[in-house]
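A quick write-up on the structure given underneath.
The values are calculated or read from the model by the stated rules, or taken from the named source; none is laboratory data. The shown structure was predicted, so the numbers you read here are calculated from the model rather than taken from an experiment. So basically every Cβ, Gly included, is an ideal-geometry build from the backbone, and we count neighbours across all protein chains shown. Surface accessibility is based on the protein's heavy atoms, side chains included, excluding ligands, DNA and RNA. Shrake-Rupley method; radii C 1.70, N 1.55, O 1.52, S 1.80 Å.
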Amino acid sequence: MPPNERLRDALLKQGITPSELADQLQVDPKTAERWVTTGRKPHARTRHAIAAKLGETERYLWPDAVSEGKAQQVSESEMVKLYPHRNAVPNDLWDRLLGAARSHVDILVYVGMFMTEKPTLLDQLRDKAANGARIRLLFGERDSDAVIQRSLDEGIGRNTISAKIDHALAFFKPLADTPGVEIRTHATVLYNSIYRFDDEMVVNPHVFGKLAAHAPAMHVRRLAAGDLFSTYADSFDAVWDGASALT
């Protein structure tokens, strides 16, 4: 069988050798080496543990090890709860997700003005960055066609969302020089707002003619063999890669 290059790459990204992985999982180092060099598949429970440790999905690391039916079933289980409107997401859930985040806080919005109502938010993000978390904040490009069209579609005037973006960026700009915090702007059509906190996220799909607060929201939690969480995480990365640094 061919080598498992996806597993090799995931280990390299985390700075973990096959021997170290074997030690952490309490298996023979030669067995762990074969997972990489010969493409040998670990047992299901071990695959789950490896995927969780490396922050990847089981299906990504071993594409043919999880059936389509099983992947779909697991992906459905990644949905923790569906809320009819974003403003129905409980405040204590937002607080728990942010408070528990240790490695990732990713936010993709045009404005996200409701976040500015949390008085300790900037201090929390600074503390998390100081403790090693990667904070990535994506806001709309105020003069982009997509932002202007969205403002017109919501029936609130051509430049209303642009003005709101100015207010949001003024709020978050004090974080711009904080190590571990990056702020960018994007000109993409915003199909979903995404709020990721480590392995959980709130996804706010947008509805034509509706304010984001009045559109549904999904609380999603990553499972190793699922695809739902990774679909939105990959979408965030795609927007991030094409975005511009805040000036």
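Here are some notes:
- Within the range 234-247, the set of residues being in contact (Cβ under 8 Å) with a residue 40 or more places away in the chain and not in a loop (DSSP other than H, G, I, E, B) comprises Ser235, Phe236, Val239, Trp240, Ser244, Ala245.
- A single member of Asp177, Asp227, Asp198 is of a type in the set (Asp, Glu) and either without any contact (Cβ under 8 Å) to a residue 60 or more places away in the chain or touching a Phe, Trp or Tyr at 6+ places or on another chain (Cβ under 6 Å) (or both), and it is Asp177.
- Residues (in a strand (DSSP E or B) and touching a residue at least 40 places away in the same chain (Cβ under 8 Å)) located in the range 202-214: Val202, Asn204
- Residues of the range 21-32 that turn out to be farther than 18 Å from Ala51 by Cβ and open to solvent by less than 90 Å² (accessible area, probe 1.4 Å), as a count: 2
- Matching residues in the range 96-105 - criterion: being open to solvent by 50 Å² or more (accessible area, probe 1.4 Å) and either free of Cβ contacts under 8 Å to residues at least 12 places away in the same chain or assigned to a strand (DSSP E or B) (or both): Arg96, His104
- Residue selected from the range 207-221 under the condition open to solvent by 40 Å² or more (accessible area, probe 1.4 Å) and touching a strand residue (DSSP E or B) at 6+ places or on another chain (Cβ under 8 Å), by the criterion modelled with the lowest pLDDT: Arg221
- Members of the range 2-16 that are touching a Leu at 6+ places or on another chain (Cβ under 8 Å) and either within 17 Å of Asp64 (Cβ to Cβ) or among the aliphatic types (A, V, I, L, M) (or both): Asn4, Arg6, Leu7, Ala10, Leu11, Ile16
- The residues on offer are Arg158, Arg142, and the sole one that is closer than 16 Å to Ala187 by Cα and modelled with pLDDT under 95 is Arg158.
- Of residues in the range 69-95 being open to solvent by less than 60 Å² (accessible area, probe 1.4 Å) and among the aliphatic types (A, V, I, L, M), the one modelled with the lowest pLDDT: Ala71
- Filtered by the rule that a residue be surrounded by 16 or more Cβ atoms within 10 Å (Cβ to Cβ) and touching a helix residue (DSSP H, G or I) at 6+ places or on another chain (Cβ under 6 Å), the range 7-19 gives Leu7, Ala10, Pro18.
- Of all residues assigned to the range 55-68, none qualifies as being at pLDDT 95 or above and either farther than 30 Å from Thr178 by Cα or charged (D, E, K, R) (or both).
For (1) in contact (Cβ under 8 Å) with a residue 12 or more places away in the chain; (2) within 18 Å of Gly226 (Cα to Cα); (3) not in a helix (DSSP H, G or I), each residue gets a yes or a no:
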site: Ile16; (1), (2), (3): yes, no, yes
site: Ala22; (1), (2), (3): no, no, no
site: Glu33; (1), (2), (3): yes, no, no
site: Thr46; (1), (2), (3): yes, yes, no
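- Residue list for the range 187-206, restricted to those being under 19 Å from Ser162 (Cβ atoms), open to solvent by less than 20 Å² (accessible area, probe 1.4 Å) and touching a Leu at 6+ places or on another chain (Cβ under 7 Å): Ser193
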